Amino acid sequence: MLAVALNYIGMRKEKNISLSLLKAFEDFKVVKLLPDSDSGEGQLQLCQPQGYQDLLEDIEQSWNPSEAWLELRGTKDKLLRMVRQMFFFDEEKKYNKVILEGDDGISDFPWAIQIVLVQLPVAEWMDNPEWLRRADLLILSPEGKENEDFTAGIKKIRSDLPLITEKVQEGKGISKDLEASLKALFVSYVEKRERIKTMLKEQYPGKTLSCTQAREMVEQLGVNSFLLGSVCDEVGYRITNCWLGCF
């Protein structure tokens with residue numbers, strides 16, 4: 001599975017930047033969470049009174065994997081659990097490559113690649129630096145006089161963070177530099193998932209591991225704990241004695 005989460009800072013989410021990415025990566029699908037307001041025609045309805053297992057069955061029966069865009073509506077906690085599970089139903093229906101849009105990609109989908117789109121000015125952008133620590137790629141809009149200072153500040157904190165200055169527009173294509181950066185991230189992400197699968201198979205053939213063992217794996221492999229949890233979901237592993245939600 002290859003999952004990309006979008007984050008917006010100082011930029012309107014309604015711009016549907018996913019459409020621009022789909023032009024470059026046509027084999028991806030977009031999954032968008034709509035945890036509030038009324039739904040439009042043709043959207044899959046996930047209502048609060050429905051049980052979680054019923055929701056799983058609803059998606060299995062209702063969604064069309066041939067469509068490039070899927071919108072899910074319901075309570076946010078159920079939607080997040082749904083997205084984490086929905087790619088592992090069966091080979092015919094699951095989405096192998098997906099762009100995820102929620103309220104905040106870093107908090108909603110912490111196991112995915114984190115793309116952060118920034119449009120300056122952004123007031124007090126360092127008050128909450130978590131997005132900068134967790135970002136995998138930063139796309140900075142060329143508009144605004146503050147770009148040079150902003151870029152310099154980013155490089156002081158995360159010199160390793162790929163930063164592309166580009167005006168990504170709805171439905172337009174993306175530059176070759178951005179496409180190449182994304183492809184490099186995709187390769188790295190898939191390799192990490194494969195390393196996790198290999199270690200799980202070799203060290204824990206019984207399909208279970210404790211929270212302590214999972215943390216040891218995270219340190220050994222140098223991966224995100226949420227990514228480990230996502231791979232465990234994918235290959236049917238259970239993490240025991242975990243009460244903090246680390247995975």
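Go through segment 157-200 and report how many residues are among the small types (Gly, Ala, Ser) and either closer than 20 Å to Gly229 by Cβ or crowded, with 16+ Cβ neighbours inside 10 Å (or both). Residues that pass the stated criteria total 2.
For segment 196-214, a tally of residues being closer than 24 Å to Arg81 by Cα and touching a Leu at 6+ places or on another chain (Cβ under 9 Å) returns 6. For segment 96-107, check the following and say yes or no: at least one residue is at pLDDT below 90, touching a strand residue (DSSP E or B) at 6+ places or on another chain (Cβ under 6 Å) and surrounded by 15 or more Cβ atoms within 10 Å (Cβ to Cβ). Yes: one or more hits. Taken over segment 180-222, the criterion of being closer than 27 Å to Ile99 by Cβ and aromatic (Phe, Trp, Tyr) is satisfied by Phe186, Tyr189.
What about Lys155, is it basic (Lys, Arg), touching a helix residue (DSSP H, G or I) at 6+ places or on another chain (Cβ under 6 Å) and over 20 Å from Met1 (Cβ atoms)? So Lys155 fails the test.
The values are calculated or read from the model by the stated rules, or taken from the named source; none is laboratory data. In this text the structure is predicted, and so the values were computed from the model without any measurement. With ideal geometry, Cβ positions are generated from the backbone for all residues, glycine too; neighbour counts draw on all protein chains shown.
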